[in-house]
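Worksheet: the structure to be examined is printed underneath.
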Amino acid sequence: MPSTDWRSPAAYAHAKSISAAGFAWEYLRRDEDYRRDFHRVRRLPRLDSDAQTAFSERWGVRFPDRPDSLRRPGCAILDAVAAA
């Protein structure tokens with residue numbers, strides 16, 4: 001979870017200049033169900049395309065790189081902790 005005080009207007013000053021996707025991400029990354037699903041999919045022993053597809057469809061996220069991007073550091077944007 002982000003360490004900033006969510007009630008502070010200063011914590012969201014950047015929201016005026018982010019894209020719609022960035023704005024949506026600010027809320028999605030705080031969702032406990034999303035975080036739980038992400039970590040469940042991330043812990044799979046190898047690429048499970050069915051699990052990745054289900055995750056993508058449930059949360060409306062796409063993997064911009066190769067299909068195995070869930071295993072690569074480049075997909076950290078989908079990780080709520082890494083993006084905080």
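The values are calculated or read from the model by the stated rules, or taken from the named source; none is laboratory data. Remember, it's a predicted structure, so these values are computed and weren't measured experimentally. Ideal geometry is used to build each Cβ from the backbone, glycine not excepted, and the neighbour counts take in all protein chains shown. For the accessible areas, the whole protein counts, side chains as well, though only heavy atoms, and no ligand, DNA or RNA atoms are used. Shrake-Rupley method; radii C 1.70, N 1.55, O 1.52, S 1.80 Å.
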| Which members of region 1-20 meet the condition of being at pLDDT below 85 and either open to solvent by less than 70 Å² (accessible area, probe 1.4 Å) or in a helix (DSSP H, G or I) (or both)? | Pro2, Ser8, Pro9, Ala10, Ala11, Tyr12, Ala13, His14, Ala15, Lys16
| In region 24-46, what residues are among the hydrophobic types (A, V, I, L, M, F, W, C) and exposed (fewer than 13 other Cβ atoms within 10 Å of the Cβ)? | Leu44
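Condition check ((1) within 25 Å of Ala20 (Cβ to Cβ); (2) modelled with pLDDT of 70 or more; (3) part of a helix (DSSP H, G or I)) across all residues:
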{"position": "Arg40", "(1), (2), (3)": "no, yes, yes"}
{"position": "Pro45", "(1), (2), (3)": "no, yes, no"}
{"position": "Ala51", "(1), (2), (3)": "no, yes, yes"}
{"position": "Val61", "(1), (2), (3)": "yes, yes, no"}
{"position": "Pro64", "(1), (2), (3)": "yes, no, no"}
{"position": "Asp68", "(1), (2), (3)": "no, no, yes"}
{"position": "Cys75", "(1), (2), (3)": "yes, no, yes"}
